[in-house]
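One structure is given below, encoded as structure tokens.
The values are calculated or read from the model by the stated rules, or taken from the named source; none is laboratory data. Computed from a predicted structure; not experimentally measured. Positions of Cβ are generated from backbone atoms using ideal geometry, with glycine treated the same way; all protein chains shown enter the neighbour counts.
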């Protein structure tokens, strides 16, 4: 159901927003609505890559090549772990299978630089900076251990916007990013001292 | 304030977009949780007494209901515990006054207690539990004593096996020390005890408790 909901939101945004907003937006404004594929790196917890996320960003070109704006995204990475005995303390042991999960919502401000303007192919680099909410959890069939934290987030990104022509500004967006946040979480026997992610976004730009 | 409202709504929407775990995959296996008294030397005990029945705990019932070993479900559970204790060098006795260890087995058939807590007297929400004068009329009015922290959420379909050091009964404080607790969740299928899962849970509980061993002496 979650996947269907995410897909429905993405499709709705792709179909409705460009038409409704184009009349009132300045030419110098842009929006990206993307499906997101993300993997956690540098940590064994919930490090199975997944496509359960979306990215939203919008900005305004303050010069012909430099834009400032806002971004927000969300992502879930889940990993099933086979049954094992965990030593919770010297006096207690737990045998269980579990689903490890990390849910992230980074958001903040961005600075974008496009190398060419009003072209069919517009490669760009973006620096994003802001805050991130994260929820680290380990779920078994009867109990869930979790930790919610906030941290500082930075996210460099490179990508390209592809338009059907130089005058039609509704096109496709592809971006590759690295995402780091300072969130420190502890859940069951697992610790995360900062969160590192690598992923890509694929969606529409208008 | 009105300008913040869209941001607040966006936050709520994004927070609700978390992908949930695959619960169907998780429910295929057991959860076994064991606690023990780390100061206890389990090898010092020689004999144990195991009642020939399992107590069914249901927080809607006011009278205790024991399922005897004439019921094959209870018999399989009791025999599994006997098998594990015997293989570890303990001798079963049929006179509880001669036993060093008492072992009680309960099955939580229904409960509304879902919240985890660091309070070991988990059975206080039920109208009844194993009475302490079961072991000896002398223990009437005595209290249990857990020398280790217990943090667990007891739910419907949990088998609980507890080990009491009868040899260590504290006359001054009128306490019976519980030295081992094993909780096996997920042993119920279609409102019935799944015997194969219950037995697997008992074996796993002993497997992860190697200190329960008289042979180590």
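Worth pointing out:
- For region A:86-138, the set of residues classified as more than 10 Å from chain B (Cβ to nearest Cβ), in contact with a strand residue (DSSP E or B) (Cβ under 7 Å, 6 or more places away or on another chain) and not in a strand (DSSP E or B) consists of A:115, A:116, A:120, listed by residue number.
- Yes/no for residue B:147 being farther than 21 Å from residue B:52 by Cβ, more than 14 Å from the chain's Cα centre (by Cα) and at pLDDT below 70: yes
- Residue match in region A:180-187 (condition: in a strand (DSSP E or B), within 30 Å of residue B:157 (Cα to Cα) and in contact with a strand residue (DSSP E or B) (Cβ under 9 Å, 6 or more places away or on another chain)): yes
- Test: residue in region B:165-179 that is part of a loop (DSSP other than H, G, I, E, B), away from chain A (no Cβ under 12 Å) and buried (at least 18 other Cβ atoms within 10 Å of the Cβ): yes
- One residue from A:63, A:29 being over 17 Å from residue A:198 (Cα atoms) and surrounded by 14 or more Cβ atoms within 10 Å (Cβ to Cβ): A:29
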